[in-house]
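No lab work stands behind these numbers, since they all come straight from the coordinates. In this text, all values refer to a predicted model and were calculated from it rather than measured experimentally. Backbone-built Cβ (ideal geometry, glycine too); neighbour counts: all protein chains shown.
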Amino acid sequence: MTKSPLLPLEYSDEVAAAKARNAPIVALESTIITHGMPYPGNLEMARSVEAIIRQEGAVPATIAVIDGVLHIGLNADKLEALAKTSGAMKVSRADIAFAIAERRTGATTVAATMIAAARAGIRVFATGGIGGVHRKAEETFDISADLEELGRTGVIVVCAGAKAILDIPKTLEVLETRGVPVVTYDSEIFPAFWSRDSGLKSPLMLNSPAAIANFQKTRDLLGIDGGMLIANPVPETNEIAREEMEIYIKRALDNAERDDITGKAVTPYLLDSIFHLTDGRSLETNIALVENNARLAAEIAVAMA
Ligand code: PSU
Ligand code: MN
């Protein structure tokens, strides 16, 4: 046996077994657990998303750095501990290796989860919303590393579109520049996370997991690397209308400016602010849309297997 020069990964028993029998696996991020939702809603979401993926015939792999070890799949105890901790770093491409080197606990963003998933040979990943180009990015330069990662790492990311706390037209422009296909599932309109309608037409549309799997296969055959974004509109019964969300978003953005929030604190701050402004209703919608995305991601993973 030659020694692998790569960092060893800590697989959960369930994911190790799935890899051994080539079963479909869906990666899940952990920043959404530690920085995206308050406890105990975050744990409830993390558990139900994993259960949905299993129901659909795939295996969930929640990804996180725990005490310096990169985990691919968390057992029940580790998942619960992560959901309860307040000390985790939020790690992206820039600092995932820092968390490992310094033996810290780090929750992975979309970008860092894609890096870890690719290393583990997992090609499908479900989340809520991706990071993007922030409003006023022309002043702040605040553009999420998620967009760069989608341009370079070959993982399919299923989300509910981009949050309207972002500048959605600019986010779509950057994705196009980076060569990232943006495919809305079963709708002509690109969704805006809590709302089904961002007011923008989706660049591409497909209406079955098989068609998405076939599209990816064709990209592989052409030798096109990099990721792809699947936008899955939130179910109608759970959506909060765009006009209503806009009021809360404006207020949350004002609060962030007043409190001088910058850098990686911006997204968690806005999500928390909106959670309070909507009396927790945004959290219910958030959980419903992640569950919806987990289902679709599992179907895509199964279709690709
Ligand atoms: N959007 C959400 N919930 C989240 C995030 C985004 O609705 O938890 C997290 C994801 O992990 C995403 C990250 O990758 O925020 C983006 O952060 P930033 O904008 O700092 O790149
Ligand atoms: Mn940012």
Pair list, Cβ < 7 Å and 6+ apart or interchain, from region 259-276 residues that are within 13 Å of GLY132 (Cα to Cα) to residues that are within 8 Å of ligand 1 (Cβ to nearest atom): LYS264/LYS90; VAL266/HIS134; VAL266/ASP142; THR267/GLY131
Pairs with Cβ under 6 Å, 6+ apart, first in region 56-69 and within 11 Å of ILE96 (Cα to Cα) and in contact (Cβ under 8 Å) with a residue 24 or more places away in the chain, second part of a strand (DSSP E or B) and of a type in the set (A, V, I, L, M, F, W, C): ALA64/ALA107
Hey, among the residues in region 281-297 that are touching a residue at least 60 places away in the same chain (Cβ under 8 Å) and of a type in the set (Gly, Ala, Ser), which one's farthest from ALA145 (Cα to Cα)? SER282
Within region 1-42, can you find the residues that are away from ligand 1 (no atom under 16 Å from the Cβ), assigned to a loop (DSSP other than H, G, I, E, B) and either hydrophobic (A, V, I, L, M, F, W, C) or within 26 Å of VAL302 (Cα to Cα) (or both)? MET1, LEU6, LEU7, LEU9, SER12, ARG21, ASN22, ALA23, PRO24
Can you tell me which residue within region 201-243, out of those that are assigned to a strand (DSSP E or B) and more than 17 Å from GLY128 (Cβ to Cβ), is farthest from the chain's Cα centre (by Cα)? LYS201
Out of region 249-267, which residues are surrounded by fewer than 16 Cβ atoms within 10 Å (Cβ to Cβ) and either within 22 Å of the chain's Cα centre (by Cα) or assigned to a helix (DSSP H, G or I) (or both)? LYS250, ARG251, ASP254, GLU257, ARG258, THR262, GLY263, ALA265
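The rows are residues; the columns are (1) away from ligand 2 (no atom under 16 Å from the Cβ); (2) more than 17 Å from LEU43 (Cβ to Cβ); (3) of a type in the set (Lys, Arg).
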position: ALA58; (1), (2), (3): yes, yes, no
position: LYS78; (1), (2), (3): yes, no, yes
position: LYS90; (1), (2), (3): no, yes, yes
position: ARG93; (1), (2), (3): no, yes, yes
position: ALA111; (1), (2), (3): no, yes, no
Residue count for region 108-118, restricted to those that are over 12 Å from ARG93 (Cα atoms) and in contact with a strand residue (DSSP E or B) (Cβ under 8 Å, 6 or more places away or on another chain): 1
Go through the residues of region 282-304 one by one and say whether even a single one is closer than 15 Å to SER187 by Cβ and not aliphatic (A, V, I, L, M). yes
Of the conditions (1) without any contact (Cβ under 8 Å) to a residue 12 or more places away in the chain; (2) part of a helix (DSSP H, G or I); (3) out of contact with any helix residue (DSSP H, G or I) (no Cβ under 9 Å at 6 or more places or on another chain), GLU246 clears all except one; give me its number. (1)
Of all residues being within 20 Å of ILE249 (Cβ to Cβ) and out of contact with any Phe, Trp or Tyr (no Cβ under 9 Å at 6 or more places or on another chain) in region 122-133, which is farthest from ligand 2 (Cβ to nearest atom)? Just the residue, please. THR127
Are there strands (runs of 3 or more DSSP E) fully within region 77-161 with at least 1 residues that are within 11 Å of ligand 1 (Cβ to nearest atom) and farther than 28 Å from GLU239 by Cβ? List them. 89-91
Could you check region 92-104 and list, in sequence order, the residues that are in contact with a helix residue (DSSP H, G or I) (Cβ under 7 Å, 6 or more places away or on another chain), surrounded by 15 or more Cβ atoms within 10 Å (Cβ to Cβ) and in contact (Cβ under 8 Å) with a residue 40 or more places away in the chain? SER92, ARG93
